[in-house]
Amino acid sequence: MMIDARWVLGAALLGLATPATAETLTIQAADPADANINDLLSISVERFEGEDGAAFAQALEAELAAATFRGGPFYRVVAPESGAPADALITGTVRGSVEEVAVIEKRRRCTEYDPADKKKCIKEIDADIRCRRRTATVATTVRLVALGDGSIRYTRPLSARDQQTFCPDRSAPQSVEDYFTATFRSQVRAIRRDLAPRDYSLDVRVDESTKGLTKPAQAAFKAAVRLTKTDPDGACTAWTVLTRDVEPTAPLAYNLGLCEEMAGDLDAAVDWYGDVQRQGSRSTVVPEALARIERHRRAMGEWIARKAVMGNE
């Protein structure tokens, strides 16, 4: 098929103007909450049982208060001591423990050096060195109860374990306090991901392969790839124009799927990704994109249901 000469010339000029790099398109994505919380608009976090329970509960309360979706807070967080009504209550336990045991490690020790070269060892023996092996564990359980009907909407155990060996000849590893702090933070964020959706921007790399295209089409394709850095919409327009003259290859179809996803037309994006699969592509990027779209659709569907509940209040 014939390629528009003006487009080929423009592609060549763009190719000279911009260095070849791995380029991306920015996708607006969303992940749904894992728990059934659509009708729970206000939430309260009770103190967790355990020595670190109060601090853990405060951190979780702050994390949920900061959870946003579609530009606004997702929950109205109610202080349990206020007595104000809430739709749901979060409770749980946090248990941190440390065990230490003495261990012996072997080291090679020099017992005789070369008289002519004091840095050269000519006789070694195995020597024992006394060390301490520390095992730190964190066991957390969390439960969310809908106060309207008493149903348990969410429960999850979280556990972590860290083992370090302290020896006199080795630099000290992470302190147990730092380990507990990092683990608590990680667990709080995991619970937030379960209990609230999130929307975010994701830079996804375009496919730069020109396999299956004629040389003029390759020039146009590469120019559009380069254009993603300064004018993503222009790059998408260029790829669309290219389909008038050539049969879309798997890379071209994939990039057009990204373009539709970027524009928010998820149905069209799925169609293009399906075209990539029908061409026999074994790349993991298409299943990843389809899973991403499925999560996005689910998150938005649940958000619409939640807004209906909000409107009925």
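The values are calculated or read from the model by the stated rules, or taken from the named source; none is laboratory data. Quantities reported herein were computed from a predicted structural model and do not represent experimental measurements. So basically every Cβ, Gly included, is an ideal-geometry build from the backbone, and we count neighbours across all protein chains shown. Heavy atoms of the whole protein, side chains included, go into the accessibility calculation; ligands, DNA and RNA do not. Shrake-Rupley method; radii C 1.70, N 1.55, O 1.52, S 1.80 Å.
Out of the range 265-300, which residues are among the polar types (S, T, N, Q), open to solvent by less than 70 Å² (accessible area, probe 1.4 Å) and in contact with a helix residue (DSSP H, G or I) (Cβ under 7 Å, 6 or more places away or on another chain)?
Correct list: Ser281 only.
Being of a type outside the set (Gly, Ala, Ser) and loosely packed, with under 14 Cβ neighbours inside 10 Å narrows it down to one of Glu208, Glu112, Glu105, so name that one.
Being of a type outside the set (Gly, Ala, Ser) and loosely packed, with under 14 Cβ neighbours inside 10 Å holds for just one of Glu208, Glu112, Glu105, which is Glu112.
Quickly run through the range 22-73 and pick out the residues that are small (Gly, Ala, Ser) and in contact with a helix residue (DSSP H, G or I) (Cβ under 7 Å, 6 or more places away or on another chain).
Hits for the range 22-73 are Ala29, Ala30, Ala33, Ala35, Ser44, Ala59, Ala67.
Regarding Pro216, is this residue touching a helix residue (DSSP H, G or I) at 6+ places or on another chain (Cβ under 7 Å), not in a helix (DSSP H, G or I) and not charged (D, E, K, R)?
Spelling it out, it is not the case that Pro216 is touching a helix residue (DSSP H, G or I) at 6+ places or on another chain (Cβ under 7 Å), not in a helix (DSSP H, G or I) and not charged (D, E, K, R).
When the residues of the range 37-84 are narrowed to those that are among the β-branched types (Val, Ile, Thr) and in a loop (DSSP other than H, G, I, E, B), which ends up nearest to Arg297 (Cα to Cα)?
Selected residue: Ile37.
If you take the residues in the range 162-183 that are assigned to a loop (DSSP other than H, G, I, E, B) and open to solvent by less than 50 Å² (accessible area, probe 1.4 Å), which one is farthest from Thr140 (Cα to Cα)?
That would be Cys167.
Is it the case, given these coordinates, that Ala250 is surrounded by 15 or more Cβ atoms within 10 Å (Cβ to Cβ) and modelled with pLDDT of 95 or more?
yes
Just wondering, is there one or more residues in the range 201-223 that are within 30 Å of Ala57 (Cα to Cα) and in contact (Cβ under 8 Å) with a residue 12 or more places away in the chain?
yes
Looking for something open to solvent by 90 Å² or more (accessible area, probe 1.4 Å), in contact (Cβ under 8 Å) with a residue 40 or more places away in the chain and in contact with a Ser or Thr (Cβ under 7 Å, 6 or more places away or on another chain) - is there at least one such residue anywhere in the range 128-150?
Yes, some residue in the range 128-150 is open to solvent by 90 Å² or more (accessible area, probe 1.4 Å), in contact (Cβ under 8 Å) with a residue 40 or more places away in the chain and in contact with a Ser or Thr (Cβ under 7 Å, 6 or more places away or on another chain).
In the list Tyr154, Tyr200, which residue meets the criterion of being loosely packed, with under 14 Cβ neighbours inside 10 Å, among the aromatic types (Phe, Trp, Tyr) and at pLDDT 95 or above?
Tyr200
Considering only residues that are over 30 Å from Ile152 (Cα atoms) and touching a Leu at 6+ places or on another chain (Cβ under 7 Å), which ones fall in the range 192-226?
The answer is Val204, Val206, Ala217, Ala220, Phe221, Ala223, Arg226.
Can you tell me which residue among Ser159, Ser186 is open to solvent by 40 Å² or more (accessible area, probe 1.4 Å), among the small types (Gly, Ala, Ser), assigned to a strand (DSSP E or B) and closer than 23 Å to Phe48 by Cα?
After ruling out the rest, the residue left standing is Ser159.
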